[in-house]
1. For Ala68 and Ala253, calculate 0.36 nm times their separation in residues minus their Cα-Cα distance, and state this gained length in nm to one decimal.
2. What ranking do Val149, Val111 get, fewest neighbouring Cβ atoms within 10 angstrom at the top?
3. Neighbour counts of other C-beta atoms within 10 Å: give me Cys248, Cys234 arranged from fewest to most.
Amino acid sequence: MERPEKGWTGRLGKERQEKRQAGKPAPHPAPQFYRRRLPHWQPNGAVLFLTWRLADSLPREAVERLRAERERLLALPARANESPREKALRVGKALFAKTDVALAEAARSGVGPRWLGEARIAELVRSSLYFWHGRRYHLHRYVIMPNHVHVLLEPAEVEQPFQAAKCAQAGKPTPLEKPAPQHQPQYQPLRVITQGLKGYIAREANRLLERHGAFWQDEGFDHWIRDEERYQRCILYIDRNPVEAGLCDLPEAWPWGSAGESACHSDAAFFS
């Protein structure tokens, strides 16, 4: 298995560093953006922190509290020199922290589904995460909790530009009359990564559980890592999630997370 690059910068960060050392401008491709009920930003080449929770994993009163808190935060005036996008990100992070606490409380009290706590379902999630590692993304860290999942990954670069790939699939020649544009790295879109993973896991988990209906809550949380300090904080957050939830005493004691796996390897850079 290919080992992930060490640190938050990943492959794009290394390329930028090499360009700077050579006195050349570093590439900075435009970020991808899409919106459903929440805004999602995917700066190309960034490491991303993702969270998915099970459908109906929070009691109604917790959902109502979170909705009221979101409305309260959005109604507050923006901070000095804060753009609407920056405010949306700040509010999203604050709500995520409260949601994660509510999920831990729900798991401890036995409220809502805890299908991910079953070994066969947790193993399905883990094997699915590893299946696309090195192809669609590079897996840096993960933890599988009874009612939600945290993942830290880096979308992989797409080897062939999208337009050329479409022409090839359709059997059409790539236009040659125009000069070839300078290649800008393109990365696997976050929506492709999440739809593929969550869709497969949902189908297989429902089959194993002999149930029908929604498996995941419709929309998850995602956040891109801006620097090495935040990267290390995110790793610590993921590793300690089972400890903070009262499920184990040490991160490496949790059987469904990368903390325990990395502790089994002499090479400390396997996951970080």
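1. Full-extension gain reported as 62.9 nm.
2. Val111, Val149
3. Arranged by neighbour count, lowest to highest, Cys248, Cys234 become Cys248, Cys234.
Rule-based calculations on the coordinates, nothing more; no lab input. Keep in mind that what you see is a predicted model, and the values were worked out from it rather than measured. Note that each Cβ is placed from the backbone with ideal geometry, even for glycine, and that neighbours are counted across all protein chains shown.
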